[in-house]
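Enquirer: Quick one: this structure, given as structure tokens, is what I'll be asking you about.
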Amino acid sequence: MAGERKAGWSDQVAIVTGASRGIGRAIARELAARGAAVCVNYATQKAAAERLAAEIREAGGRAIAVAADVADAEAVARLTAQATAELGPVGILVTNAGFALLATLESYDPQAMARMRAVNVDGAIHAIRAVAPGMRERGFGRIVIIASNAAIGTALPGTTFYAATKAELLILMRRFAMELGRSGITVNAVAPGWIVTERTRAGLSEDAFAARIKEMSERTMVGRTGLPQDIANAAAFLAAPQSSFLTAQVLTVDGGRMDYIGHG
């Protein structure tokens with residue numbers, strides 16, 4: 001049966017988009033630690049991506065760093081071709097590249113929204129379209145979309161339009177899982193909560209960041225904020241060769257957030 005052949009981590013080649021820092025970096029490291037060869041994608045952070053690829057190679061793994069703006073379909077096609085040529089056929093894709101623009105109804109900027117959607121949504125579509133033919137041909141694939149718990153209703157102000165792009169990813173995930181499942185390809189999503197990364201620290205003083213940590217910790221059942229490794233563990237679980245009967249699912253990794261929008 002398609003997708004049921006014996007396969008281990010050492011057989012896998014993974015592309016992780018947006019892998020030069022933060023959550024993407026942790027995911028790339030985790031997949032490499034489990035034995036997969038990893039293509040570390042980046043848009044602008046070349047030095048950081050190359051350091052990560054070198055770190056993986058120094059630990060005995062296989063890795064390359066490849067530039068591509070995921071909003072550019074042709075660039076993503078070239079990324080996939082290079083990963084295949086240098087590492088082998090791609091069996092794992094983690095679509096992590098994305099960013100958040102804070103805005104309200106009053107400050108909504110159509111051009112900024114278009115760029116955010118081009119990266120967050122179109123970027124995932126481009127990457128999945130690039131790897132799907134090869135996965136179909138081999139009867140095996142693991143696609144993991146990094147979404148956000150904002151997509152399912154957290155109440156942080158200013159995240160409305162960001163949440164909309166992440167919600168779009170969740171419905172696409174389910175439809176792609178339906179379309180690709182008979183070819184042995186699973187498609188799932190991880191919905192992270194508030195994670196400590198370079199991005200969430202940006203622009204904050206030490207005192208302001210400590211206050212943010214306290215605020216966000218108090219919103220969770222476990223009383224702490226998330227770390228990139230928390231998301232990497234979840235992504236690796238969904239990407240595992242053994243996870244062949246798990247598809248079209250959203251794994252929310254947010255420490256049990258308690259500030260979801262609700263009524264009734």
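Enquirer: Please report, ordered by residue number, the helices (runs of 4 or more DSSP H) entirely within region 1-97 with at least 2 residues that are small (G, A, S) and in contact (Cβ under 8 Å) with a residue 40 or more places away in the chain.
Expert: Numbers: elements: 22-33, 46-58, 73-87.
Output list reads 22-33, 73-87.
Enquirer: Would you point out the residue of region 210-235, among those that are of a type in the set (A, V, I, L, M) and exposed (fewer than 15 other Cβ atoms within 10 Å of the Cβ), that is nearest to A155 (Cα to Cα)?
Expert: Applying the first criterion (of a type in the set (A, V, I, L, M)) to region 210-235 yields 210-211, 213, 216, 221-222, 227, 231-232, 234-235.
This time we only want the ones that are exposed (fewer than 15 other Cβ atoms within 10 Å of the Cβ), so: 210-211, 221-222, 227.
On the way: A210: 20, A211: 18, M221: 16, V222: 18, L227: 20 Å.
Looking at residues that are of a type in the set (A, V, I, L, M) and exposed (fewer than 15 other Cβ atoms within 10 Å of the Cβ), I get M221.
Enquirer: In addition: Kindly provide the set of residues from region 62-91 that are in contact with a strand residue (DSSP E or B) (Cβ under 7 Å, 6 or more places away or on another chain) and of a type in the set (G, A, S), ordered by number.
Expert: A63, A65, A67, A68, A83, G88, G91
Enquirer: Follow-up question, since we're still on this one. With (1) in contact with a Ser or Thr (Cβ under 9 Å, 6 or more places away or on another chain); (2) basic (K, R); (3) over 15 Å from A232 (Cβ atoms) as the list, and R21 as the residue in question, which single condition is left unmet?
Expert: Unmet condition: (3).
Enquirer: Now a separate question. Identify the residue in region 144-188 that is closer than 14 Å to T252 by Cα and assigned to a strand (DSSP E or B) and, among all such residues, is nearest to the chain's Cα centre (by Cα).
Expert: In this case the residue turns out to be I146.
Enquirer: Another question, if that's okay. Checking the conditions here, which among R212, R199 is within 23 Å of V121 (Cα to Cα) and either in contact with a Phe, Trp or Tyr (Cβ under 7 Å, 6 or more places away or on another chain) or among the basic types (K, R) (or both)? Lay out the reasoning, then the answer.
Expert: Values: R212 fails: within 23 Å of V121 (Cα to Cα).
One residue alone meets the criteria, R199.
Enquirer: Out of all the residues in region 183-205, which are small (G, A, S) and free of Cβ contacts under 8 Å to residues at least 60 places away in the same chain? Write out each step before concluding.
Expert: Taking region 183-205 and keeping what is small (G, A, S), we get 183-184, 189, 191, 193, 202-203, 205.
Passing the criteria: A202, G203, S205.
Enquirer: Would you confirm whether or not region 164-187 contains a residue that is among the β-branched types (V, I, T), out of contact with any helix residue (DSSP H, G or I) (no Cβ under 8 Å at 6 or more places or on another chain) and modelled with pLDDT of 95 or more?
Expert: Within region 164-187 (the criterion being among the β-branched types (V, I, T), out of contact with any helix residue (DSSP H, G or I) (no Cβ under 8 Å at 6 or more places or on another chain) and modelled with pLDDT of 95 or more), the answer is yes, since at least one residue qualifies.
Enquirer: Residues to consider are A191, A232, A248; find the one that is closer than 25 Å to Y162 by Cβ, touching a helix residue (DSSP H, G or I) at 6+ places or on another chain (Cβ under 9 Å) and assigned to a loop (DSSP other than H, G, I, E, B). Before you say what the answer is, go through the steps one by one.
Expert: Values: A191 fails: assigned to a loop (DSSP other than H, G, I, E, B); A232 fails: assigned to a loop (DSSP other than H, G, I, E, B).
Checking each option against the conditions leaves just A248.
Enquirer: Would you be able to tell me the number of residues in region 88-102 that are of a type outside the set (G, A, S) and on the phi > 0 side of the Ramachandran plot? I'd like the intermediate steps shown before the answer.
Expert: Of region 88-102, the ones of a type outside the set (G, A, S) are 89-90, 92-96, 99, 101-102.
Subset that is on the phi > 0 side of the Ramachandran plot: none.
Residues that pass the stated criteria total 0.
Enquirer: Let me ask something else about it. Quick one: in region 54-78, of everything that is over 13 Å from A19 (Cα atoms) and aliphatic (A, V, I, L, M), which residue is surrounded by the fewest Cβ atoms within 10 Å (Cβ to Cβ)?
Expert: A59
Enquirer: How many residues are in contact (Cβ under 8 Å) with a residue 24 or more places away in the chain and in a helix (DSSP H, G or I) when one looks only at region 103-143?
Expert: Total meeting the criteria: 23.
Enquirer: State which residue is surrounded by the fewest Cβ atoms within 10 Å (Cβ to Cβ) when the search covers only region 194-209 and only residues that are part of a helix (DSSP H, G or I) and of a type in the set (A, V, I, L, M, F, W, C). Don't jump to the end; show me each part of the working.
Expert: Step one: of region 194-209, the residues part of a helix (DSSP H, G or I) are 198-201, 206-209.
From what's left, of a type in the set (A, V, I, L, M, F, W, C): 208-209.
Working: A208: 11, F209: 15.
Only one residue fits best here, namely A208.
Enquirer: Looking at region 67-101, which of its residues are closer than 17 Å to A147 by Cβ, of a type in the set (S, T, N, Q) and out of contact with any Gly (no Cβ under 6 Å at 6 or more places or on another chain)?
Expert: Residue satisfying the conditions is T95 alone.
The values are calculated or read from the model by the stated rules, or taken from the named source; none is laboratory data. Keep in mind that this is a model prediction, so the values were computed, not measured. Note: ideal-geometry Cβ built from the backbone for every residue, glycine included; neighbour counts use all protein chains shown.
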